[in-house]
Every structure is written in structure tokens, then in C-alpha cells.
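This is the structure, below, for whatever I ask next.
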Amino acid sequence: KALNDTHGHTAGDHFLRAIAGAVRSQMRAADTAARYGGEEISFILPRTTVVEAHAVAERARREIAGLRVEEAGQLLSVTASFGVASHPDGGAETAEDLVRLADRALYRAKRAGKNRVELYWADESGPQRALIPPPIAVNDR
């Protein structure tokens with residue numbers, strides 16, 4: 001939204017295409033990615049553990065952070081935050097639950113400073129809670 005507001009919808013469209021390519025480069029043939037809402041992308045990663053899903057999201061996050069799009073003579077960049085939830089080990093019982101849990105992890109990533117991946121999974125000792133994975137050293141621009 002900030003990119004569209006500042007640089008126009010054409011710049012936003014160029015970034016959406018570039019982001020789609022970056023995400024596609026991290027997906028297997030069995031995986032699906034789709035735009036979900038205005039600026040959100042959902043991944044469906046069958047037969048993938050939550051740790052493997054975190055790795056996919058982290059690779060996509062890095063690819064997106066490395067994108068540069070030229071618009072009106074200016075080189076623009078964006079970052080992305082991801083929330084990861086899984087079924088059945090994450091506690092989601094329905095598709096709606098899975099989206100809700102991933103969304104909670106996403107908002108935790110945004111509150112924690114953005115440009116990061118957060119996991120959501122069920123704690124064996126009781127209610128579900130979002131967990132913050134250890135920081136991953138990356139060379140983001």
C-alpha cells in the first residue's frame with residue numbers, strides 16, 4: 001500500500017509481478033501460491049513440515065528483499081513478512097483456522113519489526129501460541 005501511495009499503482013503492479021517470480025522460484029510443482037487480499041500471498045505447501053515451510057518462506061523473503069524495480073528513474077525495493085502455520089501439527093482443524101493462525105503469526109512478524117518470518121504452532125502443554133524462531137543472520141539490503 002505504501003509503495004502504491006508513494007510511487008503509484010504502476011510501480012505496485014511491477015513489484016507484484018517481480019514478487020510472483022521470486023515466490024515461484026522457491027516453489028515445488030506440488031506447491032501453490034496465490035494473492036490473498038491486496039498485498040498478501042498465501043502458500044499451500046503439501047507434505048511439508050512447519051520447519052520446511054519456514055525455510056521456504058525465509059528463502060522467498062530474502063528473494064523479495066533483493067528485488068530492485070526501476071520506476072521513473074528511481075530504483076525501488078520492498079520487504080516482506082511471513083506468517084507460517086501448519087496442519088495438523090499446528091492445531092488448525094479447518095482451512096479457516098489455518099489462515100487465521102498464519103495471519104496471527106504474520107502480525108507477530110510485523111510487530112517484531114517486519115521483514116521476517118514467524119511460526120505459529122500448538123504448544124503441547126496447552127493453548128496455542130505463536131513462537132519466535134531464533135534470529136537468522138542474513139545480509140538484507
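The values are calculated or read from the model by the stated rules, or taken from the named source; none is laboratory data. As the structure is a computational prediction, the values presented were derived from the model and not from experiment. We place every Cβ from the backbone using ideal geometry, glycine too, and count neighbours over all the protein chains shown. Side chains are part of the model used for accessible areas, which takes the heavy atoms of the whole protein and leaves out ligands, DNA and RNA. Shrake-Rupley method; radii C 1.70, N 1.55, O 1.52, S 1.80 Å.
Looking only at region 28-45, which residues are under 13 Å from G83 (Cβ atoms) and among the hydroxyl-bearing types (S, T, Y)?
Correct list: Y36, S42.
Within region 32-51, is there a residue that is out of contact with any Asp or Glu (no Cβ under 7 Å at 6 or more places or on another chain), at pLDDT 90 or above and among the acidic types (D, E)?
no
May I pose another question? Does G90 meet the test of being surrounded by 14 or more Cβ atoms within 10 Å (Cβ to Cβ), of a type outside the set (A, V, I, L, M, F, W, C) and not in a helix (DSSP H, G or I)? Outline the logic, then answer.
Working: surrounded by 14 or more Cβ atoms within 10 Å (Cβ to Cβ): yes; of a type outside the set (A, V, I, L, M, F, W, C): yes; not in a helix (DSSP H, G or I): yes.
It is true that G90 is surrounded by 14 or more Cβ atoms within 10 Å (Cβ to Cβ), of a type outside the set (A, V, I, L, M, F, W, C) and not in a helix (DSSP H, G or I).
A further question follows. Any residue at all in region 48-55 that is part of a loop (DSSP other than H, G, I, E, B) and either surrounded by 15 or more Cβ atoms within 10 Å (Cβ to Cβ) or on the phi > 0 side of the Ramachandran plot (or both)? Talk me through it step by step, then tell me what you get.
Our first condition is that a residue be part of a loop (DSSP other than H, G, I, E, B); within region 48-55, this holds for 48-49.
Retained after the next criterion (residues that are either surrounded by 15 or more Cβ atoms within 10 Å (Cβ to Cβ) or on the phi > 0 side of the Ramachandran plot (or both)): 48.
Yes: region 48-55 contains one or more residues that are part of a loop (DSSP other than H, G, I, E, B) and either surrounded by 15 or more Cβ atoms within 10 Å (Cβ to Cβ) or on the phi > 0 side of the Ramachandran plot (or both).
Give all pairs with beta carbons closer than 7 Å in which a residue from region 35-47 that is under 14 Å from I19 (Cβ atoms) and open to solvent by 50 Å² or more (accessible area, probe 1.4 Å) meets a residue that is part of a strand (DSSP E or B) and polar (S, T, N, Q); count only pairs at least 6 apart in sequence or on separate chains.
Sorted first by the residue in region 35-47, then by its partner, the pairs are Y36/S42.
While we're on this one: Can we say A85 is surrounded by 16 or more Cβ atoms within 10 Å (Cβ to Cβ), in contact with a Gly (Cβ under 8 Å, 6 or more places away or on another chain) and of a type in the set (G, A, S)? Full working, then the answer.
Numbers: surrounded by 16 or more Cβ atoms within 10 Å (Cβ to Cβ): yes; in contact with a Gly (Cβ under 8 Å, 6 or more places away or on another chain): no; of a type in the set (G, A, S): yes.
Spelling it out, it is not the case that A85 is surrounded by 16 or more Cβ atoms within 10 Å (Cβ to Cβ), in contact with a Gly (Cβ under 8 Å, 6 or more places away or on another chain) and of a type in the set (G, A, S).
All but one of (1) open to solvent by 30 Å² or more (accessible area, probe 1.4 Å); (2) touching a residue at least 40 places away in the same chain (Cβ under 8 Å) hold for I64; state the number of the condition that does not hold.
Tallying (1) open to solvent by 30 Å² or more (accessible area, probe 1.4 Å); (2) touching a residue at least 40 places away in the same chain (Cβ under 8 Å), I64 fails exactly one: (1).
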